[in-house]
1. Kindly provide the set of residues from the stretch A:101-115 that are surrounded by fewer than 23 Cβ atoms within 10 Å (Cβ to Cβ) and of a type in the set (A, V, I, L, M, F, W, C), ordered by number.
2. Answer with yes or no whether A:Ser108 is in contact (Cβ under 8 Å) with a residue 24 or more places away in the chain and touching a Phe, Trp or Tyr at 6+ places or on another chain (Cβ under 8 Å).
3. Starting from the stretch B:437-463, take each residue that is within 11 Å of another protein chain (Cβ to nearest Cβ) and list its partners that are of a type in the set (Asp, Glu), counting only C-beta distances under 7 angstrom and pairs at least six apart or across chains.
4. Return yes or no: is A:Arg70 among the basic types (Lys, Arg), farther than 15 Å from A:Met134 by Cα and not in a helix (DSSP H, G or I)?
5. Could you please tell me which pairs satisfy a Cβ distance under 7 Å, a separation of 6+ or placement on different chains, a first residue in the stretch B:552-570 that is at pLDDT below 70, and a second residue that is surrounded by fewer than 16 Cβ atoms within 10 Å (Cβ to Cβ)?
6. Cβ-Cβ below 8 Å, separation at least six or inter-chain, first residue in the stretch B:218-235 and of a type in the set (Val, Ile, Thr), second surrounded by fewer than 17 Cβ atoms within 10 Å (Cβ to Cβ) and part of a loop (DSSP other than H, G, I, E, B): which pairs?
7. Does A:Leu137 qualify as being within 29 Å of A:Leu9 (Cβ to Cβ) and away from chain B (no Cβ under 11 Å)?
Amino acid sequence: MLGLGVDRLQADINRLLTSLFHQGVLDEQFLQLQQLQDETSPTFVYDVINIYFDESEKLLRSLRLLLMDREFSDYKKIGLHLNQLVGSSSSIGARRVRNVCVAFRSASELNNRPGCLRGLEVVEHEYHYLKNMMHELFQLEQQRLLAAGVRYPM
Amino acid sequence: MVCEMETDQQMEEMDVEVLSSMWPEDVGGTEPDNQFNVEKPAGDSDTLKEVDIAEKRTMADLKRLPDLLNTTDQGSSQLTNLVKQWEYMQDHAVRLLREELKILTKQREEAEAKELKIIEEHNFETEEPENVPVLDESSDLFRRFKEKKRDKLVGRKRIEIDEEFDTVAYWKQKALSLEKMLEASTERERRLIEKLNESLKTMESHSAPVEELTQNLKRAEGFLHFILQNAPIVMGHQDKDLRYLFIYNKFPTLREHDILGKTDVEIFHGGGVKESEDFKREVLEKGKASKREITFETDLFGSKTFLIYVEPVYNKAREKIGINYMGMEVTDQVRKREKMAKLREDNAVRKAMESELTKTIHITEETMRAKQMLATMSHEIRSPLSGVVGMAEILSTTKLDKEQRQLLNVMISSGDLVLQLINDILDLSKVESGVMKLEATKFRPREVVKHVLQTAAASLKKELTLEGNIADEVPILVIGDVLRIRQILTNLISNAIKFTHQGKVGIKLKVIPEPSFASGLELNTDAEEQNGLTETETSVWIRCDVYDTGIGIPENALPCLFKKYMQASADHARKYGGTGLGLAICKQLVELMGGQLTVTSQVNLGSTFTFILPYKVAASNDHSDDQDEFSDMVDHQPEPDDSTEGYFQFKPLLGSIYSNGGPVIGNNFLPHKAMLPSPVKLMNGFVADPSDNTGQSEAVQVENGGYKDEPRLETHRPETAHQYENGNGRCPSKESESCSSSQASSEMESEFTVSSPREDVQTEAEVKETSKQPKILLVEDNKINIMVAKSMMKQLGYTFDIANNGVEAITAINSSSYDLVLMDVCMPVLDGLKATRLIRSYEESGNWDAAVEAGVDIKVLENKQMSVRSTNRLPIIAMTANTLSESSEECYANGMDSFISKPVTLQKLKECLKQYLH
């Protein structure tokens, strides 16, 4: 909070990111995002991730609705949803979500309903984990920015 | 058994229940071989234990013992006891005899009463005949007889006479019966005598005191043996010269003649002997019984601890004649006790450690709380505040009239003040909770002083002269926590300015010898070593005076000057404002750095705050290094002798501050925020995403507040950029954060092998702008991907149109000409492969028939079927997710020119664009 905290917070952020990379939750694409953030779009990463979460939420809800329907057979629609999810996940570098989505998608391609249900479960789990981590990351980031904003009036 | 029974019988006979015996009665030792059986009182069974007493073990100087008994108090009291006991017994016997006598008397009385009765009966019986006296003589005789008979103690039975009264037979009979009565009486008399004799005999058997005493003594002895036979006790008596006269030892290792007549020292050798001897002597001298524990370390019985009780012995003339001594072996107990003590000690130590730990935990908790407070503070106060200040700063860059600008400046400075207050509180809690860490950096004291003064001068609104005076011997470069030192200086200076209305305020620096209070100073060196400064550097003590010609501080206010939230008086607080935290923080900071902060003051003449701090002297030859670390002011005014200049003065500049066109120096002092040239960019960041998310607005705002540093620094730079090569001149307070952030971003860049950092990109973009801006179409259905791609394109300096699916793409291509199409493969409605095929067929045939066949709504297309660019092949780049259905072969087969595998990176995109746009 005194400018000293900035380093600590930055270290925390880096640590968190490192661990996320280690776990394979994120991949280099996320760094791409960060790199794209500049002074003209200072909240780029935050915005993108937020939109990603909004969109993914909708997709997951829709997927769940589709799969919960007993007389359901529209695997193609599921595939489309999953394509979306895979695409956006890989775009933001959410590797694990992407990977489990791919698995889910192959289950849907085989019209394997139990596989799909399991896939959905896993995707949701990964998605929520990612969301939590991102939340934490942004909070740290926010704190760091606040700390960086501390100035002594001189 | 027999023995016991005998004893019991004896006891019974003796019947000494009243006697308070010295010895328990069931103990006896009458047999010559000293064997006796005792029933154990609280034994587990009825078994009788054979107890063996070996009298021989007692070593005694038999000749001297009676002597002793006779001459000492103890001895005579023993005898007295015995005598008393005997007397009791005699008393008892007398009482018994008396009782016997009483019984006899009673019997006699009874007998008399009976006789009287008989006589009365007889009288009654003889009433009739007697009334008729026939013969005077005879009647007289009879009467006499009768009287005589009454005197006699006999005559109980009524004499039954059957014969007629006064016949011969009658008299005969009467005589007979009387004779019988006489006989009975005689018999009784005899028996009485017998009984008397008997009782006499028993009395005789009781009457021997010596025998009894002997018995008692025997019992006493027996009891003693019984008690002592297994006790680990040594008893003894020593004379005035501490020579043993008598000793009892259960486990004798020495013979009688080895001990008697000798002293301890003569008998034993080794540790403790002397001590015990001294102790005994001491008791003898003081005449007071006492106990002591002595550990012996002798060859004879090894290491043993004895509890020794020694009491002086007096003779009847109250003269000391020696000591009684009793020792008990307590080695085990002592060992146990020591163990206990050790355990207790350990316990205490553990407890102390525990409490220490609790304290640490408490401190940690405090720290956590402080941290919590930091977080809360930042969220609750800082975010809205930075919003306010940020907006105000933006506002200050717009066109304002003089009054508005003044108001705005007040607004900003107030905001800064609140920020300062928060910082103060946080600082304080940080220092107090011990989490404040010092950082060791190289800095130039002269510069620091100058900057502090410059800064103060910039915001000066009074007619004051600010001066700095640095002694020549002060090193050019020292090592310390420059941020904190600056903070202290700033605080003191602003304090001085606040309370000074005319005259001057200044800072004086000089080197002093090591002060006395810091003789054992390790704190600072420790702190610095922690910071990795292990080079050998000489340290120097610098005294810094911050003086003013202000209102001064009354003497009675000095003590509470450094206390928190305290100001010299409530009056001052009202007049001058402030948090009252500043000096407390300064003091704590100075002390944290191993220095001392003091104050001297005279009312109405001014005050001087002095702080003494140790610094390490750094070698001043590495100038290349400090360029980065030091503040912008040097760079702004690169005078050659700046680093060694020892005197600065800042004359009042009143009036220049509020006008934009003031002197150059005034401009320099103005806060940067007043000169922000491009608010648009800031606004841009602020309103970057005006889309749906109202919930985010706060976060965005906050981040914006944090981000505003960057553009300011960047945009500020170009004016003076020619003056210094590396654009690193930054305000030191922001040094760390800007460093870290740039460092962080550079790390990311390096990981990415992006060949050109942002500047290059920008130049590239500029170059692009001069030539014709290529038109790009992005066909993508995924919002996220669009966003990312958009951002990348922006960085690369391109813009593009967006189509959300193949149909839209065809529509777009039809209505306008593009230089490049980036086509997502997997899309709803019409996927990328099909769309490409249709586009290719359109290029070949010049019509959209294929598209119409495929079901694309062509109504709009038909009108503009003949496009100018139909002959040119439109580069279409696929964006694939590299799954089986999106293989590169398929892409090529469908007429695509190239492909970018997803996720798209800046590098890939750049290469691709390079290839197809030139």
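The values are calculated or read from the model by the stated rules, or taken from the named source; none is laboratory data. It should be emphasised that the depicted structure is a prediction, and the values quoted were computed from it without experimental measurement. Cβ: placed from backbone, ideal geometry, glycine included. Neighbour counts: every protein chain shown.
1. Once the filter is applied, which keeps residues that are surrounded by fewer than 23 Cβ atoms within 10 Å (Cβ to Cβ) and of a type in the set (A, V, I, L, M, F, W, C), the stretch A:101-115 yields A:Val102, A:Ala103, A:Ala107, A:Leu110.
2. The answer is yes for A:Ser108.
3. Short answer, once both residue conditions are applied: B:Leu438/B:Asp481; B:Glu439/B:Asp481.
4. Working: among the basic types (Lys, Arg): yes; farther than 15 Å from A:Met134 by Cα: yes; not in a helix (DSSP H, G or I): yes.
Yes, satisfied.
5. Final answer for the pair search is B:Met566/B:Cys560; B:Gln567/B:Ala573; B:Ala568/B:Pro554.
6. Every condition considered, the pairs that remain are B:Ile233/B:Lys250; B:Val234/B:Lys250.
7. Spelling it out, A:Leu137 is indeed within 29 Å of A:Leu9 (Cβ to Cβ) and away from chain B (no Cβ under 11 Å).
A quick yes/no check of all residues on (1) closer than 18 Å to B:Lys461 by Cβ; (2) at pLDDT below 80; (3) part of a helix (DSSP H, G or I):
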{"position": "B:Thr376", "(1), (2), (3)": "no, yes, yes"}
{"position": "B:His379", "(1), (2), (3)": "no, yes, yes"}
{"position": "B:Leu385", "(1), (2), (3)": "no, yes, yes"}
{"position": "B:Gly390", "(1), (2), (3)": "no, yes, yes"}
{"position": "B:Lys399", "(1), (2), (3)": "no, no, no"}
{"position": "B:Glu403", "(1), (2), (3)": "yes, no, yes"}
{"position": "B:Val418", "(1), (2), (3)": "no, yes, yes"}
